[in-house]
Amino acid sequence: MAAEEPEHLTEAARCQAQVDPLAALRVPGDPPWDVYLTGTVFLDIIFTGLDSAPVRGTESWARGMGSSPGGVANMATALARLGLKTSLAAAFGDDHYGDYCWDALEQGEGIDLTASRTVPGWHSPVTVSMAYEGERTMVSHGHEPPPEEPAPDCPPRARAAVASLVPGSRASWIAQAAHEGTRIFADVGWDDTGAWDLGGLADLEHCEAFLPNAEEAMRYTGTECPRLAAHALTEYVPVAVVTLGAEGAYAVDRRTGEAAEVPAIAVQALDPTGAGDVFVAGFVTGSLAGWPLADRLAFAGLTAALSVQEFGGSLSAPGWSEIGAWWRRVQSVEEQDPAALRRYAFLDRFVPEELDRPWPLRRAVPTIGFRRPA
């Protein structure tokens with residue numbers, strides 16, 4: 001029997017949850033949310049179809065553009081599209097950008113924004129991203145953030161939370177959530193101080209899993225091999241996952257003694273924006289579902305690979321329809337490597353033959369401010 005849904009869960013969220021990776025685990029008394037996260041929401045404007053990088057002193061025309069919530073919204077959207085009940089605490093500007101992002105997340109993606117707030121007089125941060133040759137160039141603008149921390153003193157009950165660790169700083173909500181039994185999954189940004197001191201990541205002690213990229217992992221551990229770095233990180237956190245770029249990912253679970261490596265799926269990358277967030281969302285989903293370590297890595301890599309084939313951050317996060325379409329397509333390829341197919345055979349348990357919901361899913365529109373139909 002599934003736990004009762006919160007009264008304010010939107011129709012969009014119920015639609016997403018038609019594929020529920022945690023269905024077999026839900027019981028009465030479960031936390032109301034599968035994942036909680038907090039951070040800054042940006043408005044992302046993505047220009048696509050550029051033949052090359054912009055050249056100084058010239059004007060470049062893009063063949064396409066898109067707009068969507070970005071920043072922490074990339075992660076929240078990726079989690080929600082994978083069927084997880086997602087709660088986000090964030091500050092939103094009271095301008096049209098903020099209204100647009102709020103509507104796209106709450107109504108379009110079914111993300112709970114009860115813990116979020118609109119800040120009077122605050123301009124929404126904006127990022128313009130230009131995608132070309134499989135890379136991206138970004139320009140961002142934002143005013144000083146609101147003085148109040150967007151995360152509530154007592155975060156809502158959730159099975160898991162995703163945190164972005166900041167060197168030399170603690171976030172009080174992380175310890176509070178961990179104390180309440182929430183499983184903390186953490187990533188980290190580039191250490192601009194150059195210290196690369198694991199002791200400075202104070203909240204790592206509350207985390208179940210840490211997911212840096214290869215360069216970050218090697219710098220933090222002082223090793224010259226990302227796989228050795230993953231093992232070294234397990235002295236500080238139970239599960240270490242190191243992404244290896246085009247080589248895939250490597251993970252170690254100290255509690256079980258498991259180690260796993262999964263190669264990357266070769267795809268034509270159009271825009272890598274948000275791929276790291278999608279990878280984390282896939283790993284969190286598999287972890288909450290209780291999958292083996294190798295399956296979690298494979299699923300995270302698959303979702304990230306699907307995302308880079310589309311433009312934008314939250315725009316490109318795949319749902320189960322995209323995952324199902326990929327799985328059916330690769331099985332139909334002649335002379336497919338049987339071992340490669342077996343690697344993803346666990347998807348059969350979750351991918352339905354058909355989804356009885358509209359397709360394509362509602363996505364953010366290219367331009368802000370269209371009038372709604374009467």
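The values are calculated or read from the model by the stated rules, or taken from the named source; none is laboratory data. This structure is a prediction, so every number in the text was calculated from the model and none was measured. Reconstructed Cβ throughout: ideal geometry from the backbone, glycine too, with neighbour counts over all protein chains shown. Surface areas here come from the heavy atoms of the whole protein model, side chains and all, with no ligands, DNA or RNA. Shrake-Rupley method; radii C 1.70, N 1.55, O 1.52, S 1.80 Å.
When the residues of the range 54-67 are filtered to those that are open to solvent by less than 40 Å² (accessible area, probe 1.4 Å) and either aliphatic (A, V, I, L, M) or over 17 Å from residue 140 (Cβ atoms) (or both), which remaining residue is farthest from the chain's Cα centre (by Cα)? This residue is 62. When every residue of the range 68-87 is checked against the conditions, none turns out to be open to solvent by 40 Å² or more (accessible area, probe 1.4 Å) and either among the charged types (D, E, K, R) or modelled with pLDDT under 95 (or both).
There is at least one residue in the range 215-236 that is open to solvent by 60 Å² or more (accessible area, probe 1.4 Å), basic (Lys, Arg) and either within 24 Å of residue 317 (Cβ to Cβ) or out of contact with any Ser or Thr (no Cβ under 9 Å at 6 or more places or on another chain) (or both). Only residues that are open to solvent by 10 Å² or more (accessible area, probe 1.4 Å), of a type outside the set (D, E, K, R) and closer than 25 Å to residue 26 by Cβ were counted across the range 292-311, and they come to 2.
Of 168, 199, which residue is without any contact (Cβ under 8 Å) to a residue 12 or more places away in the chain and out of contact with any strand residue (DSSP E or B) (no Cβ under 8 Å at 6 or more places or on another chain)?
Numbers: 168 fails: without any contact (Cβ under 8 Å) to a residue 12 or more places away in the chain.
Only one candidate passes the filter, namely 199.
Condition first: open to solvent by 30 Å² or more (accessible area, probe 1.4 Å), closer than 30 Å to residue 127 by Cβ and touching a residue at least 12 places away in the same chain (Cβ under 8 Å). Can you find one or more residues in the range 257-264 that meet it? Break it down stepwise before answering.
First pass over the range 257-264, keeping only residues open to solvent by 30 Å² or more (accessible area, probe 1.4 Å): 257-259, 261, 263-264.
Imposing the further condition that a residue be closer than 30 Å to residue 127 by Cβ reduces the set to 264.
Pick out the ones that are also touching a residue at least 12 places away in the same chain (Cβ under 8 Å) and you get 264.
There is at least one residue in the range 257-264 that is open to solvent by 30 Å² or more (accessible area, probe 1.4 Å), closer than 30 Å to residue 127 by Cβ and touching a residue at least 12 places away in the same chain (Cβ under 8 Å).
Close Cβ contacts (under 9 Å, 6 or more residues apart or on different chains) running from residues in the range 92-115 that are within 18 Å of residue 32 (Cβ to Cβ) and part of a helix (DSSP H, G or I) to residues that are among the basic types (Lys, Arg) and open to solvent by 50 Å² or more (accessible area, probe 1.4 Å) comprise 109/362. Residues in the range 184-214 that are open to solvent by 20 Å² or more (accessible area, probe 1.4 Å) and in a loop (DSSP other than H, G, I, E, B): 189, 190, 192, 193, 194, 195, 196, 197, 208. Note on the range 292-317: among residues that are in contact with a strand residue (DSSP E or B) (Cβ under 7 Å, 6 or more places away or on another chain) and under 16 Å from residue 73 (Cβ atoms), the one that is modelled with the highest pLDDT is 315.
Between 161, 171, 178, the distinction of being at pLDDT 95 or above and over 19 Å from the mean Cα position of the chain (by Cα) belongs to 178 only.
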